[in-house]
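The values are calculated or read from the model by the stated rules, or taken from the named source; none is laboratory data. Owing to the predicted nature of the structure, the values given are computational and were not obtained by experimental measurement. All Cβ positions, glycine included, derive from the backbone under ideal geometry; neighbour counts span all protein chains shown.
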Amino acid sequence: MAPQLPTRCWRQLQQPSLQSLTLALTRRPSPSALLLPRTTTRGVKYGWSTLPSRAKPTRFNQVSSGLPAPTTGPAAALKRRERTTPMRTGVLAIKKGMTAFMGKTGSRIPCTVLQLDKVQTVANKTRASNGYFAVQVGLGERRADNVGAPMLGYFEAKGLAPKRVLAEFHVRDQSGLLPVGVQLMPDWFHVGQWVDVRANSHGKGFAGGMKKHGFKGQGASHGNSLSHRAIGTTGPSQGGGSRVLPGKKMPGRMGNERVTMQNLPVLMVNNELGIVVVKGCVAGPKGCIVKIQDAVKKPPPAQEFIEASRKVLDERFPDAAETLTAARVKHLQLKEMRKQGRIEDILAAGVVEGGAGAVAAPEVTV
Amino acid sequence: MNAAPLARRPLGCLKASLRQARQQRAPAFLARQLSTVTPKVPSTGALPEHNFFRMIDKKTKKTRSAFAIYAQPPPVPVTTAAKATAAKATVLPAPPPDPMPLLDAEQIKRMDPTGARTALFTKTRYAARVGDVLQVTHRRGGEPFAGVCLAIRRNGIDTAILLRNHLSKVGVEMWYKIYNRNVAGIEIVKRRAKRARRAKLTYMRQPKHDMGSVADLVFAWKKTRKVIGSRAGAGKGVQAVGKKRK
């Protein structure tokens, strides 16, 4: 294949602007001057190839060519996961412990109490910029001196206090995205709906084969010596491969892995206590962080409820968008100042604004 | 004994006091150098209230960088729909750090409006304790179950008692959730003569300590109650909780 001319060489020829036309009329440069770049970017010195600079696998498989839609790639992946992606974002919560609900008929339902602590939306991920739709949600609070500079800048741009944890919740499409900075309360869910709850299980430390994988162990007697809880052989010997097959279950770290409890009914939501109570147990110790989202394998909440809860958010936080814009503007200003090393000036100005003579005032130590 | 070394030890020395002074001073000094926050800047327009967090260079002692730290989110306003129904407050109160006791209290109030069940097992002089012989009456009829109380598992709404008895010479143990609707009443048949010095009387399962059947105790108690009842003109049990027995 013959070497291709880079686009920048002939683009001007194809779309002559008015200015370049007039220039061409007046100066009349030679065609070779227009075609060739001024500075050498290609040549033996920089490596040379006859292949096009970038392969185009879809060159002959355009959408217009009547071929079936590709079954791989980002678009296909999104389409494939459409049915198993919840419509709404979930929330982060803290596991507070287990209790029971006593029914009127004498039934007893064990349940887990999950508390929402200042759960706010922090960012939206979109198909255009990230390849998928998701809502980033933050929980709790964190001291500023416990946060690194990059994240301090991130929260500054959002107009939010630093959060303890951030997590993403995939949503099906654009309609699942939320305004940044709104606070999600327990009434984001309703009693009777199903949720999936994810958390990291209790860490058990280094555990043997019997505890970790339920191996049988070995005999207590019959001449057994020092291998009562041993895992036994790990594979065949010569002839059978004489190696340990990949994935062989062996002793090792047990627990502290993500466990999803699917289809838990919501028994109670209480905004005053900030809690969502779900039926049954949830992995992890008390105080662990859990993710609650609409169940994947059950029908989603009714469309009316989804719309109503969105409306409630808009009603509670009518100026979320304005706050975000203002915070972004402020962030850009401060960022520029930081770049120029003039942040001290801003601080001085800000402090004077806060109170007279505050520059000399003792600073609060964190 | 150790008089000689004690006498030799000096009462104080410069080195020790200096070391102490240095230790006391160091953290605050270091912290001030590393990071500080400025007084708050009030909210202007859409921008919420914030202050600045400074990062101070250790060597030059100058502000290396600073970031705006926004205030924690304000209380969430109550929606108009909720306002119309009941709530008078315009904002939701901050949730308590530990909701479990409040949730428990709420549940107990719902399941035990009179407070009789709670009173029977709160740690007072008149409360039931381990070692007492108790009788549980079921809501849907059936034979009441009596037995010696081996354990009280105190866990809010989930509080339960373990009763042990012998039925046809076989040891039988039953756990009862005291706030369960199926438990119609709990009565003290016989108090233990002396306070048990264990919280869980599991040793009473051993043949040596096993109380055996409590049927005769229950029989005697019923007899006395009838006598008292006939004298008083009413058949009420003093410790009866929940629904009245028919």
Q) Any residue in the stretch B:205-213 that is within 14 Å of another protein chain (Cβ to nearest Cβ) and surrounded by fewer than 18 Cβ atoms within 10 Å (Cβ to Cβ)? A) no
Q.
Out of the residues in the stretch A:255-308 meeting the condition of being within 21 Å of A:His170 (Cα to Cα), in contact with a Phe, Trp or Tyr (Cβ under 8 Å, 6 or more places away or on another chain) and aliphatic (A, V, I, L, M), tell me which one is farthest from the other protein chains (Cβ to nearest Cβ).
A. A:Ala295
Q: Identify all residues within the stretch A:134-159 that are in contact (Cβ under 8 Å) with a residue 60 or more places away in the chain, farther than 19 Å from A:Cys288 by Cβ and not charged (D, E, K, R); write none if there are none.
A: A:Ala144, A:Gly153, A:Ala157, A:Gly159
Q | Of all residues in the stretch B:52-71 being more than 8 Å from every other protein chain (Cβ to nearest Cβ) and in a strand (DSSP E or B), the one that is farthest from A:Ala321 (Cα to Cα) | A | B:Ile56
Q: Could you please let me know if A:Phe101 is at pLDDT 95 or above, surrounded by 16 or more Cβ atoms within 10 Å (Cβ to Cβ) and in contact with a Ser or Thr (Cβ under 6 Å, 6 or more places away or on another chain)?
A: no
Q. Taking the stretch A:104-133 only, how many residues are within 7 Å of another protein chain (Cβ to nearest Cβ) and either without any contact (Cβ under 8 Å) to a residue 40 or more places away in the chain or hydroxyl-bearing (Ser, Thr, Tyr) (or both)?
A. 4
Q | Set A:Leu245, A:Leu267, A:Leu273: member being outside any loop (DSSP other than H, G, I, E, B) and over 26 Å from the mean Cα position of the chain (by Cα) | A | A:Leu267
Q: Write out, first by first residue and then by second, each pair whose Cβ atoms fall under 8 Å of each other, whose residues are 6+ apart or on separate chains, and whose first residue, in the stretch A:239-260, is over 21 Å from A:Gly208 (Cα atoms) while the second is surrounded by 13 or more Cβ atoms within 10 Å (Cβ to Cβ).
A: A:Thr260/A:Asp196; A:Thr260/A:Val197; A:Thr260/A:Arg198
Q: Return a yes/no flag: does the stretch A:239-254 have any residue that is of a type in the set (Gly, Ala, Ser), surrounded by 14 or more Cβ atoms within 10 Å (Cβ to Cβ) and modelled with pLDDT of 95 or more.
A: no
**Q.** Candidates A:Asp173, A:Asp196 - the one that is among the acidic types (Asp, Glu), modelled with pLDDT of 95 or more and farther than 30 Å from B:Ser43 by Cβ
**A.** A:Asp196
Q) Going through the stretch A:309-344 one residue at a time, which ones are more than 10 Å from chain B (Cβ to nearest Cβ) and modelled with pLDDT under 90? A) A:Arg342
(Q) Can you find a residue that is more than 14 Å from chain B (Cβ to nearest Cβ), over 25 Å from A:Ala283 (Cα atoms) and touching a Leu at 6+ places or on another chain (Cβ under 9 Å) anywhere in the stretch A:213-222? (A) no
Q: Pick out the one residue from B:Ala127, B:Ala160, B:Ala146 that is touching a residue at least 40 places away in the same chain (Cβ under 8 Å) and closer than 30 Å to B:Arg195 by Cα.
A: B:Ala146
(Q) Looking at the stretch A:281-300, can you tell me whether even one residue there is in a helix (DSSP H, G or I), within 23 Å of the chain's Cα centre (by Cα) and either within 22 Å of A:Arg83 (Cβ to Cβ) or without any contact (Cβ under 8 Å) to a residue 12 or more places away in the chain (or both)? (A) no
Q: Run A:Thr234 past the list (1) touching a Leu at 6+ places or on another chain (Cβ under 9 Å); (2) buried (at least 17 other Cβ atoms within 10 Å of the Cβ); (3) not aliphatic (A, V, I, L, M) and report the number of the one that doesn't hold.
A: (2)
Q | Which listed residue is more than 12 Å from chain B (Cβ to nearest Cβ) and at pLDDT 95 or above, from A:Leu152, A:Leu160, A:Leu166 | A | A:Leu166
Q) So which residues in the stretch B:80-100 are assigned to a loop (DSSP other than H, G, I, E, B), modelled with pLDDT under 90 and surrounded by fewer than 13 Cβ atoms within 10 Å (Cβ to Cβ)? A) B:Ala86, B:Lys88, B:Ala89, B:Thr90, B:Pro93
